[in-house]
Amino acid sequence: MSGRAGKSRNIFLVWLVWPLITLGIYSLVWYYKINREARDFDDRIEVSPGMAVVAVTLGWLLIVPPFVSIFNTGERVARMQRSAGMQPTCNPWIGLILLIVAGLTPLYYQHELNHIWVHYRLPAEGAQLPLAA
């Protein structure tokens, strides 16, 4: 079983610099991309990246959907870590708390994703990778 590699990104650029420069648009693009990377990395991970973005944007009108989406994305990252043969270190509860405390969820989730790509020795984005589990 194999999957496609995602992109290793600078956590501070993801969390602070690009969102400031793009007035928040980058955050939505990033969120779409990491959910797509989860789906592409392990086809057993079911996610619609577009719906994940809708949940964190328009979902605020209903209050609950953004929190569910952020939590589920953390679970996806942990599942990706397991699929890579790693001990999962991503905790969706921490991601949720960091969202509430200081909007640090992108920094945390990207840091956890970068661990996966380092585990595979920083493959090119889209490269085929063997899955361990």
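Tabulated data
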read-out	value
Selection within region 77-133 - among the hydroxyl-bearing types (Ser, Thr, Tyr) and assigned to a helix (DSSP H, G or I)	Ser83, Thr105, Tyr108, Tyr109
Among the residues listed as Tyr120, Tyr109, the single one being of a type in the set (Phe, Trp, Tyr), under 12 Å from the mean Cα position of the chain (by Cα) and either at pLDDT 95 or above or farther than 21 Å from Asn10 by Cα (or both)	Tyr109
Residue list for region 30-76, restricted to those being of a type in the set (Val, Ile, Thr), within 17 Å of Ile97 (Cα to Cα) and touching a residue at least 24 places away in the same chain (Cβ under 8 Å)	Val56, Ile70, Thr73
Criterion violated by Ala133 - all others in (1) touching a Ser or Thr at 6+ places or on another chain (Cβ under 7 Å); (2) of a type outside the set (Asp, Glu); (3) at pLDDT 95 or above satisfied	(3)
Yes/no for Val101 being more than 20 Å from Arg9 (Cβ to Cβ) and either exposed (fewer than 12 other Cβ atoms within 10 Å of the Cβ) or touching a strand residue (DSSP E or B) at 6+ places or on another chain (Cβ under 6 Å) (or both)	yes
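Residue-by-condition table, conditions (1) charged (D, E, K, R); (2) within 20 Å of His115 (Cα to Cα); (3) buried (at least 18 other Cβ atoms within 10 Å of the Cβ):
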| residue | (1), (2), (3) |
| --- | --- |
| Gly3 | no, yes, yes |
| Arg9 | yes, yes, yes |
| Ile21 | no, no, no |
| Val29 | no, no, no |
| Phe41 | no, yes, yes |
| Leu58 | no, no, no |
| Val64 | no, no, no |
| Phe67 | no, no, no |
| Arg76 | yes, yes, yes |
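The values are calculated or read from the model by the stated rules, or taken from the named source; none is laboratory data. Note that the structure is predicted; figures quoted are calculated from it, not measured. Backbone-built Cβ (ideal geometry, glycine too); neighbour counts: all protein chains shown.
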